[in-house]
Amino acid sequence: MAEAKTVHSPMVTYVSMLSLLTLCPPFVIILWYTMVHADGSLSQTWQNFKEQGLQGFINICPKPTYIACKIIFCYGVYEAALQLLLPGKRVEGPISPTGKRPVYKANGMQAYFVTLVTYLGLWWFNIFNPAIVYDHLGEIFSTLIVGSFIFCILLYIKGHIAPSSTDSGSCGNFIIDFYWGMELYPRIGKNFDIKVFTNCRFGMMSWAVLALTYSIKQYELYGKVSDSILVNTILMVVYVTKFFWWEAGYWNTMDIAHDRAGFYICWGCLVWVPSVYTSPGMYLVNHPVHLGIQLSVYILVAGILCIFINYDCDRQRQEFRRTNGKGLVWGKAPSKILASYTTTSGETKTSLLLTSGWWGLSRHFHYVPEILAAFFWSLPALFDHFLPYFYVIFLTILLVDRAKRDDDRCRSKYGKYWKLYCDKVPYRIIPGIY
């Protein structure tokens, strides 16, 4: 559990954990209320709380309902079934700290396609109206908040009494164990990977599902879909499509290969992703901004370009690893460092560190187009209110912190080789600046 100790001082760590544990749940409700019922205006929401105090929050806070539970249950069971039953290629993850290599079934793209076709088909044939999801969104979020807390408690208990592998353990502090998690690769049985479900099949899948929901709701309200929400929906769906196309690569990232299954990852993917990540679209439902063809095309092209560059960064590194550094990078033989490290079981392993192509610009250059893509799918809201841009600001903070945590982990793992790597690629995120 050294992850929680390497980046910040113990005091900062505890304060940040307790703050996130206590402040994130009410913020989700405040965000939903402001976007849906307060015209996207934080000042309007603040005035309500100023006049009514705590009672003002209690008044706006929806309670979990039967219909919200039913929607979440049906969606969750459907995604779990697709994860288990759809065919997929056998894919190995990276070597874990204890020297083990997890195995996955790569069927994310199939599950994504089946999910969207099913959802749109239910709407098209008048079997289920997605606008119902929007109408009960507050109840769904409050149900997810409570249910995901319970889920994280169960994960904590499982980590103590029935860990799925030796890549687990306690640091002796309940808050850190609950927040960061006990297990790196928790599973139910042999084949159902819990983090793949929470992060990919529930969280990321819900992003695309809700993006479509918001467009359908606006169509129901106004009889047409504005160019602003259309641009927003297209860019978010393209981004999520890119994610599932590349899902096997995601299993090599910090989220899966290094961050354990606790509140930080699992609650975040089950609650924060469907609420905060989709919030620009949530705002646009009741604010059909007219952009015009020219501005719409500019935003769309810029956003798709950023998503492509983000994808190509990840593809380039994945291909470099697949070919063991023998493939070409931007038409040339790649520049690389052969780094050795020791697992917790005492085995010596080697890794190749790419220092050319996108990865020669900065150590985490792929975060630049990701942040810019988020800006472009928020931009259709224009600038009447600040809140539609909260996700961009949050994402920037998240990725800057993640880059620091990843650098600290790699410094600890590779030692002198990481110093050599940083000498060759001196910038962390923005080339020439940071």
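The values are calculated or read from the model by the stated rules, or taken from the named source; none is laboratory data. Since the model is a prediction, treat every value here as computed from it, not as a measurement. With ideal geometry, Cβ positions are generated from the backbone for all residues, glycine too; neighbour counts draw on all protein chains shown. Quick note on the areas: whole protein, heavy atoms, side chains included, nothing else; ligands and nucleic acids left out. Shrake-Rupley method; radii C 1.70, N 1.55, O 1.52, S 1.80 Å.
Of the candidates L338, L353, the single residue that is at pLDDT below 95, open to solvent by less than 30 Å² (accessible area, probe 1.4 Å) and either under 19 Å from D406 (Cα atoms) or in a strand (DSSP E or B) (or both) is L353. Scanning segment 361-380 for residues that are touching a residue at least 60 places away in the same chain (Cβ under 8 Å), within 22 Å of the chain's Cα centre (by Cα) and not in a loop (DSSP other than H, G, I, E, B) yields Y367, V368, P369, E370, L372, A373, F376, W377, S378, L379, P380. The residue of segment 204-256 that is surrounded by the most Cβ atoms within 10 Å (Cβ to Cβ), among those that are among the polar types (S, T, N, Q) and without any contact (Cβ under 8 Å) to a residue 60 or more places away in the chain, is T233.
Within segment 266-287, the residues that satisfy the criterion of being touching a helix residue (DSSP H, G or I) at 6+ places or on another chain (Cβ under 6 Å) and closer than 11 Å to N199 by Cβ are C266, C269, L270, V273. Out of all the residues in segment 155-174, is one or more part of a helix (DSSP H, G or I), closer than 26 Å to I29 by Cα and of a type in the set (D, E, K, R)? Checked segment 155-174: no residue is part of a helix (DSSP H, G or I), closer than 26 Å to I29 by Cα and of a type in the set (D, E, K, R). Applying a threshold of 9 Å to beta carbon distances and a minimum spacing of six or more residues, or different chains, the list of pairs starting in segment 381-410 at a residue that is in a helix (DSSP H, G or I) and ending at one that is open to solvent by 40 Å² or more (accessible area, probe 1.4 Å) and of a type in the set (S, T, N, Q) reads R405/T6; D408/T6; R409/T6.
Of the residues screened, V329 is not one that is in the same structural domain as I304 (by the TED database), out of contact with any strand residue (DSSP E or B) (no Cβ under 8 Å at 6 or more places or on another chain) and in contact (Cβ under 8 Å) with a residue 12 or more places away in the chain. Only a single criterion out of (1) surrounded by 22 or more Cβ atoms within 10 Å (Cβ to Cβ); (2) assigned to a helix (DSSP H, G or I) is not satisfied by A261, namely (2).
Look at segment 293-314: where a residue is within 17 Å of W245 (Cβ to Cβ) and modelled with pLDDT of 95 or more and a partner is assigned to a helix (DSSP H, G or I) and among the acidic types (D, E), sitting 6+ places away or on another chain with Cβ atoms under 7 Å, you get N310/E370. Of everything listed in (1) open to solvent by less than 40 Å² (accessible area, probe 1.4 Å); (2) at pLDDT 90 or above; (3) over 29 Å from A381 (Cβ atoms); (4) in a loop (DSSP other than H, G, I, E, B), the single unmet condition for R101 is (1). Among the residues of this structure, S148 does not count as one that is more than 28 Å from M254 (Cβ to Cβ), assigned by the TED database to the domain that holds A211, in a helix (DSSP H, G or I) and in contact (Cβ under 8 Å) with a residue 24 or more places away in the chain.
Here V114 clears all of (1) assigned to a loop (DSSP other than H, G, I, E, B); (2) touching a Leu at 6+ places or on another chain (Cβ under 9 Å) except the condition numbered (1). Within segment 113-132, residues that are outside the structural domain of C200 (by the TED database) and under 16 Å from Q218 (Cβ atoms) have Cβ atoms under 9 Å from residues that are of a type in the set (D, E) and in a helix (DSSP H, G or I) in no pair, counting only partners at least 6 apart in sequence or on another chain.
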